[in-house]
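Peer 1: The structure is given below, and queries will be raised subsequently.
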Amino acid sequence: MLTLLVAVHVSGNSINLTELRGGSTSTEDDFSVSYTSSDVSLSSGDGTAFRVDGQTQSTDTINVTGPASITLVLNKHINSVSITGNGTDSLSKLNFGLNAGQQSSTLTLTNVIADSVNIHGQRPNDSVTLDDSTVNGNLNATLGNSSGDTLDLESTTVDGNLRDQVGQATMDQSTIDGKVHNVEGGKDSTLDSTDTTYDGDVSFKMGPGGVINFDSSNTGSNEFESDVTITGNRHDQTTINEDPGSVFFNVNPNTRNATFNTTSPTLGTPTVNSQTITTDTAPLITGTFDSVNTTVLTVNANGQTFTLGTNSELTSPSAGQWQLNLNGATLTSPVTTVTVTSTDKNGDTTTGTGTITDGAGIIANYLQANNLTATTTADGLNYVIETKGTGPIPTKGETVTVNYSGFLLNTNATLGTEFDSNTNPKFGHVTPFSFTLGAGQVIAGWDEAFALLPVGTVAQLIIPPSLGYGVDGSPPSIPSNSILVFDVTLVSAT
């Protein structure tokens, strides 16, 4: 049931919205206003209705012939009001008044253009937000000293003066061309300013325990072009936190009872996801980076350097992630080192590296260097038969017994470290090794290879990472993405 009524009074282009007393003070007064150059539309939420010419209705459209003037006067109920423009048409004036009360009120202006905005509140928890809006003249927001009162300017321009009295203020990527007189007299008040330009004189007056945070994004800083005065409570200092590059003072600020603390954000180290591939065609290369503090990201791969935002091959599919698509280019080396570099706004850099290993190319080079002829399976297993056995070929589920020695294959196609053997006494197990074929008790390359060889065969297996220990490796003896070489003898199958 509708319990709160907002009276709608229209005189020319002047529109007055006044809450009529009645209903429970716990009932929320909720409605929205949108406007163009030709009309102002009212839409109520739950528990609210408009009284127009003695009639109660949930919506109303008011025709105007020029910039409208809107005045809202609301009583002590909870209030939630949004005003939305089209980003082109203007209001001549916007006045918003809240009478005393303990309930909270919220006013949100989005894409609004107005010649002047005046907001007056007498409550401890008023919240006012201007988002992507423009005030051609002055903005006055007197909300009180309670820490629960908030004023938030997001991507908003004030061509005139800004005068506010609030508990908490936020200025984010906004511009104030005139003077600023900010009073936050309540205890533990906070002013947050990010990438905002102040062209006129600025006065920040903070209460006991007040804190001012000057922050910046990757591309901007707070700019103060005229006199700046920062005043704390006479019994308490105001703490001013700023990171390097977050503030540009055209003149030195005049501070009383204020202490500057400089903090430097840490630039995270970018990473490259190393991988081993089975062709010499460049894969999709991926990694991570500190997207918050990085201003320039470059990736060097395959003899070229790519810059995020400049080269289309390098993109960021989501925050903190980068990917490089070389469109199937041929890799110039069996092992390609990829270097990613993050640079922050101060010019500091951090670097990460990784590798793209052409496993098939390394194996081919190894076979050629050792004059070996291998049989290659569809998924990349290579095997060289030295002596073909005369026994049966094992089948899945049989117990297979083998002797073996395992080596790493170096990226320069030479045989590397011997990491395990049941014929070399130094590994401490010189008995034949048995396993059930096809049961996943061994690496996939073994399950595949011993289902192809007759009993009695002496062979060499060259196994790519995808059929071995993959990206995880088997620490400490087998690194990530290792190509493995096994000298094997198939002793029996039962």
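The numbers here are math on the coordinates, done by the rules we state, and not lab data. None of the values given here were measured: they were computed from a predicted structure. Don't worry about glycine lacking a Cβ; one is built from the backbone with ideal geometry, like all the others, and counts go over all protein chains shown.
Peer 1: Could you list 51, 234 so that the one with the fewest beta carbons within 10 Å of its beta carbon is first and the one with the most is last?
Peer 2: Working: 51 16, 234 8.
Least crowded to most crowded, the residues run 234, 51.
Peer 1: Using a Förster radius of 22 Å, what is the FRET efficiency between residue 332 and residue 273 based on their Cβ-Cβ separation? Nearest 0.05, please.
Peer 2: On the way: r = 20 Å, r/R0 = 0.90.
After rounding, the FRET efficiency stands at 0.65.
Peer 1: Quick one: which residues, 5 or more positions from residue 338 or on another chain, have an amide H under 5 Å from its amide H? H modelled 1.01 Å from N in the peptide plane, none for Pro or chain starts.
Peer 2: Sorted by chain and number, the residues that satisfy this are 354, 355, 356.
Peer 1: Angle, helix 359-369 long axis vs. longest principal axis of the chain, Cα atoms, 0 to 90°, nearest 10?
Peer 2: Helix 359-369 sits at roughly 30 degrees to that axis.
Peer 1: Another question about this same structure. In segment 443-475, which residues have a backbone nitrogen under 20 Å from the label point lying 7 Å from residue 373's Cα in the Cα-to-Cβ direction?
Peer 2: It comes to 452-454, 457-462, nothing else.
Peer 1: Separate question: Can you run phi through the Karplus equation (6.51, -1.76, 1.60; θ = phi - 60°) for segment 124-130 and list ³J(HN,Hα) in whole Hz, with x for Gly and Pro?
Peer 2: Computed from phi, the couplings for segment 124-130 are x, 9, 7, 10, 10, 10, 10 Hz.
Peer 1: Still on this structure, please answer the following. Show the residues, 5+ positions off or on another chain, whose built amide H is closer than 5 Å to the amide H of residue 186.
Peer 2: 207
Peer 1: Scale the Cα Rg of segment 292-393 by the rule-of-thumb value 2.2 N^0.38 Å and send over the ratio, two decimals.
Peer 2: Values: Rg = 20.7 Å, N = 102, 2.2 N^0.38 = 12.8 Å.
Scaled against compact globular proteins, the figure is 1.62.
Peer 1: Give the distance, in whole Å, between the Cα centre of segment 150-188 and the Cα centre of segment 433-447.
Peer 2: Cα centres, segment 150-188 to segment 433-447: 70 Å.
Peer 1: In nm, give the distance between the simple-model label positions of residue 111 and residue 256, each being 7 Å from the Cα along the Cα-to-Cβ direction.
Peer 2: Taking the two extended label points, one gets 4.5 nm.
Peer 1: Next question. On a straight-distance basis, which aspartates and glutamates could pair with residue 345 in a cross-link, Cα separation under 15 angstrom, same-chain partners fewer than 8 positions away excluded?
Peer 2: Those aspartates and glutamates meeting the cut-off are 195, 215, 242, 243, 290.
Peer 1: Could you work out [θ]222 nm for the chain from helices alone, using -39500 (n - 2.57) per DSSP H run of at least four and dividing by all its residues? Round to the nearest 500 deg cm²/dmol.
Peer 2: Working: 2 runs with 17 residues, N = 494.
Calculated mean residue ellipticity at 222 nm is -1000 deg cm²/dmol.
Peer 1: Another one. Hey, what do the phi angles of segment 47-55 turn into as Karplus ³J(HN,Hα) couplings, whole Hz, using 6.51/-1.76/1.60 and θ = phi - 60°, x for Gly and Pro?
Peer 2: x, 10, 8, 9, 9, 10, 6, x, 9
Peer 1: Give the order of 256, 163, 123 when sorted by the count of other beta carbons within 10 angstrom, beginning with the fewest. All intermediate terms of the calculation are to be shown ahead of the outcome.
Peer 2: Details: 256 12, 163 18, 123 22.
Ordered by Cβ neighbours within 10 Å, fewest first: 256, 163, 123.
Peer 1: So for 249, 407, 224, fewest C-beta neighbours within 10 Å to most, what's the order? Don't skip to the answer; put the middle values down first.
Peer 2: On the way: 249 14, 407 20, 224 24.
The fewest-first ordering by Cβ neighbours comes to 249, 407, 224.
Peer 1: Just tell me which aspartates and glutamates come within less than 20 Å, Cα to Cα, of residue 396; anything on the same chain fewer than 8 places away is out.
Peer 2: In chain and number order, the partners are 379, 447, 448.
Peer 1: Any lysines with Cα under 22 Å of the residue 205 Cα? List them, leaving off those in the same chain fewer than 8 positions away.
Peer 2: Output for residue 205: 179, 187.
Peer 1: Enumerate the calculated ³J(HN,Hα) couplings along segment 67-75 in order (Karplus 6.51 cos²θ - 1.76 cosθ + 1.60, θ = phi - 60°), each rounded to whole Hz, writing x wherever the residue is Gly or Pro.
Peer 2: Those phi angles translate into x, 8, 10, 10, 10, 10, 10, 10, 8 Hz.
Peer 1: Related question: Take the Cα of residue 46, step 7 Å along the line toward its Cβ, and report every residue of segment 68-99 whose backbone nitrogen sits under 20 Å from that point.
Peer 2: Counting only backbone N, you get 77-82.
Peer 1: I would also like to ask the following. Normalise the Cα radius of gyration of segment 4-262 by 2.2 N^0.38 Å (N = residues in it) and let me know the number.
Peer 2: Details: Rg = 19.2 Å, N = 259, 2.2 N^0.38 = 18.2 Å.
Normalised Rg, Cα atoms only: 1.06.
Peer 1: Another question, then. Hey, can you grab everything whose amide H is under 5 Å from the amide H of residue 197? Only 5+ residues off in sequence or another chain; H modelled, so Pro and N-termini drop out.
Peer 2: 174, 175, 176, 223
Peer 1: Fully extended, how many nm does the chain gain between residue 73 and residue 131 (0.36 nm per residue separation, minus their Cα-Cα distance)?
Peer 2: Working: separation 58, 0.36 × 58 = 20.88 nm, distance 2.17 nm.
Length gained, residue 73 through residue 131: 18.7 nm.
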